[in-house]
Amino acid sequence: MPFVMVHRKALVALSIGLLGAAGCRRIPILNPSPLAPTVTPAPPTPTPEPLAASVNGEGILLELFELEVIRFEYSKTDSGIDLATLGAYRSELLESMIDLELLAQGARASGFKVEETEIDDRLNQMVESAGDRGEFELWMELNGYTQETLQTALTKEIEAAWMVANIADQVPDTAEQVHARHILVTSEAEAEGLRAQLQDGVDFNLLARQYSIDASTRPAGGDLGWFPKGFLLWPEVETAAFALQPGEISKVVKSEIGYHILEITEREDHLMAYSVRQALREQAVESWLSTERASADIQTFIAQ
């Protein structure tokens with residue numbers, strides 16, 4: 001039973017671009033004179049294109065959303081995956097596109113600007129990866145891209161990636177951490193009994209191996225390893241752990257999965273393991289997105 005914080009998968013930059021031509025209408029000429037010379041028609045006025053969503057006034061075109069759905073469905077069916085098993089993937093795709101837009105907007109608000117040379121480099125890399133220009137243009141056609149829309153999509157992806165890195169890089173390499181172990185059981189009475197044995201001097205490692213129902217830590221005597229604040233899945237357990245000093249045993253702590261007894265073996269500022277820091281970096285990005293979503297003007301125009 002894992003105790004690390006469970007996060008969504010890292011954001012995958014979606015290929016979004018302004019596809020499709022706007023509809024047009026002519027401006028009528030009122031009461032024209034039959035003797036007047038031929039009047040040159042006024043320039044057409046573009047009709048607003050349907051939107052799938054709007055994020056702080058910036059639209060996500062419905063046509064682009066549907067193209068993204070088609071690409072997603074093709075990739076899954078091509079891999080032998082039944083779309084019926086994927087649940088509400090259309091809604092999830094739109095939410096991801098909204099997240100991408102928020103990240104791109106955040107990058108621009110922070111002063112980041114994508115250089116044309118970077119877009120050119122990306123396009124050249126894609127051509128090289130495809131094998132030649134002809135294969136690359138075929139790929140663009142099959143995926144519904146024009147040169148302009150692909151450049152727009154790449155720009156947004158680069159902006160979003162920069163913002164993700166900017167947020168994640170604010171997570172420090174070191175933090176105050178505790179090295180803890182725990183015993184997890186199903187009843188409070190059993191937990192209180194085991195805590196009494198620990199206070200009488202019975203070995204923690206022995207009791208954890210014998211009684212803990214946490215299969216992931218039981219073989220190591222309940223060892224949870226080193227962790228900083230914000231890393232454990234259950235906040236009650238984390239709060240109890242950071243309230244202790246080395247050698248101290250906690251009171252019985254109740255969580256959604258049972259009753260815990262904790263012991264802290266070490267506590268200090270410590271270099272975080274790569275996996276721990278990566279989890280906290282993902283958490284920082286998700287926290288940023290949650291905050292932005294709470295304050296952003298987000299409107300959706302398709303059934304969720």
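Each reported figure results from applying straightforward, stated rules to the coordinates on display, with no laboratory input. Quick caveat: nothing in here was measured; it's all calculated off a predicted structure. Here the Cβ is made from the backbone with ideal geometry for all residues, glycine too, and neighbour counts use every protein chain on show.
Between rounded, prolate and oblate, where does region 93-143 land on the alpha carbon gyration tensor, with a ≥ b ≥ c its root eigenvalues, rounded for a/c under 1.5, else prolate if a/b exceeds b/c? Here region 93-143 falls in the oblate category. What the Cβ-Cβ distance of Thr174 and Asp200 gives, at R0 = 35 Å and to the nearest 0.05, is a FRET efficiency of 0.40.
Going from the residue with the fewest nearby Cβ atoms within 10 Å to the one with the most, Lys251, Lys229 rank Lys251, Lys229. The simple spin-label model puts a point 7 Å past each Cα toward its Cβ; for Glu58 and Glu248 those points are separated by 4.8 nm.
Label sites at Ser79 and Ile213, each approximated as a point 7 angstrom past Cα along Cα to Cβ, lie 3.4 nm apart. Amide hydrogen proximity for Leu224: with H placed 1.01 Å from N in the peptide plane, the residues at 5 or more positions away or on another chain lying under 5 Å are Ala180, Arg181, His182.
Stretching the chain fully between Glu190 and Asp121 yields a gain of 18.5 nm (0.36 nm per residue, less the alpha carbon separation). Below 13 angstrom from the Cβ of Val202, what's the summed charge of the other residues (Lys, Arg +1; Asp, Glu -1)? Overall, the nearby charge balance is -1. Derived scalar couplings between HN and Hα for region 240-248 equal 5, 5, 7, 8, 9, 10, x, x, 8 Hz in order, rounded to whole Hz, by the Karplus curve 6.51 cos²θ - 1.76 cosθ + 1.60 (θ = phi - 60°), x for Gly and Pro. With K and R counted +1 and D and E -1, the other residues having a Cβ less than 10 Å from that of Arg293 yield a net charge of -3. Neighbours of Ala284 by Cβ distance under 11 Å: Lys/Arg scored +1, Asp/Glu scored -1, total -1. Its convex hull of Cα atoms gives region 212-254 a direction-averaged projected area, equal to a quarter of the hull surface, of 3.4 nm². With the highest mean first, a sort of the peptides 84-92, 259-267, 239-247 on other beta-carbon atoms found within 10 angstrom per residue produces 259-267, 239-247, 84-92. Taking the convex hull of the alpha carbon positions in region 174-271 and averaging its projected area over all directions gives 5.5 nm².
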